[in-house]
Every structure is written in C-alpha cells, then in structure tokens.
1. As an exercise: evaluate Arg97 against (1) without any contact (Cβ under 8 Å) to a residue 12 or more places away in the chain; (2) open to solvent by 60 Å² or more (accessible area, probe 1.4 Å) and give the number of the one condition it does not meet.
2. Would you list the strands (runs of 3 or more DSSP E) that sit entirely within the range 35-143 and hold 1 or more residues that are under 14 Å from Leu161 (Cα atoms) and modelled with pLDDT of 85 or more?
3. Quick one: would you say Asp80 is closer than 18 Å to Gly152 by Cα and of a type outside the set (Lys, Arg)?
Amino acid sequence: MKHFLLSAFAALTLAGCAFGPSKGVGFTGIDGEPRTLSTRDTDAYFGRILSVPVAFAELPARQVISDAPDQGAQALVAIDNGGRVVGNAVEVGGADRVLMLSSVAVNGSLFAVLRAPQNSVFEITPVTTANFGAAVPRLTGCLPAGSVYQKGKSSRRTEGLAVPLNCR
C-alpha cells in the first residue's frame with residue numbers, strides 16, 4: 001500500500017506542474033538562462049560586420065611588379081605596398097591595438113601584409129611575429145607558403161610583416 005501511495009503522490013505532484021497558465025519564455029539558449037529582447041536592429045547591425053577571413057577575401061589584392069629576385073625581397077616589396085586604411089585593408093586586433101591586414105601580389109605571388117594604421121607605429125616582438133604566422137590560416141583562410149618576413153629598423157620600429165600565402 002505504501003508503494004501505491006508514493007507512486008500516486010509522485011504522479012499528482014508532477015501532473016500539478018502542467019495545470020495553470022504557462023510562465024515559460026520558450027527556448028532560452030544553451031545554458032537555460034532567460035534572454036531579453038534587444039531594441040537594436042540586429043539584421044542591419046550584423047549585416048555590416050564581416051568576419052576577418054570574409055572581409056579579407058573580398059578585398060582585392062594589390063598587384064605589384066618588381067625585380068625582387070627572391071621571396072624575402074618580394075615580401076619587403078609587399079610590406080611597402082600593404083594597406084594602412086580601411087578600404088584597402090581589414091582591421092584586426094583588439095581594443096588596445098588595431099592593425100591593418102591586406103593582400104599584395106608581387107610578381108604573381110600573394111602575400112598577407114600586416115601593418116600599423118596610417119600615422120601610427122607599432123612594436124613588433126618575436127612573439128608578435130610568431131603569433132601572426134600562426135594566425136594566418138584563421139585570419140586569411142589560406143595556408144602560409146613560407147616564413148614571416150619583417151621590415152623595419154629594429155623590433156621597436158617595424159614597418160610591417162608579410163607572409164606568402166597558398167590559397168588553393
């Protein structure tokens with residue numbers, strides 16, 4: 001008799017949850033927390049923002065012809081011709097430092113070029129160079145086809161970085 005009463009009590013308790021007006025908000029996300037509605041026009045907002053690889057792919061590569069004999073010399077030419085303003089480069093980085101990523105084709109070889117925005121200088125350390133080399137696939141959607149080249153007088157005054165790309 002005890003088992004029957006416990007089962008009946010459990011069934012009535014669970015069934016009681018189904019009666020009355022529903023107070024739920026529907027699907028609230030993966031973590032189950034309620035979400036509020038935004039007053040921002042999200043379609044217009046998110047429609048303007050592109051991911052870095054998409055924006056990089058839509059950016060036309062600047063075509064340069066040079067007598068640079070090897071990949072290292074071509075990378076230096078690419079850095080000189082890399083974009084430094086929005087329109088010919090894509091902004092990358094965080095709130096503390098924004099850098100400009102552009103594409104330059106020197107004698108048909110495509111390079112990803114990282115430079116400081118116009119009228120600014122940024123410090124390049126060996127860690128920054130290695131991070132850029134590792135981030136090239138994520139930023140460009142292409143694989144690096146060589147090492148990272150740096151142009152500048154010292155690590156405290158660098159004009160930019162360039163990496164040859166393999167986008168096939």
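The values are calculated or read from the model by the stated rules, or taken from the named source; none is laboratory data. Computed from a predicted model, the values in this text were never measured in an experiment. Here Cβ is always computed from backbone atoms with ideal geometry, including for glycine, and neighbour counts include all displayed protein chains. Heads up: the accessible areas ignore ligands, DNA and RNA and are worked out on the full protein's heavy atoms, side chains in. Shrake-Rupley method; radii C 1.70, N 1.55, O 1.52, S 1.80 Å.
1. All conditions are met except number (1).
2. 90-93, 98-106, 109-115
3. Values: closer than 18 Å to Gly152 by Cα: yes; of a type outside the set (Lys, Arg): yes.
It is true that Asp80 is closer than 18 Å to Gly152 by Cα and of a type outside the set (Lys, Arg).
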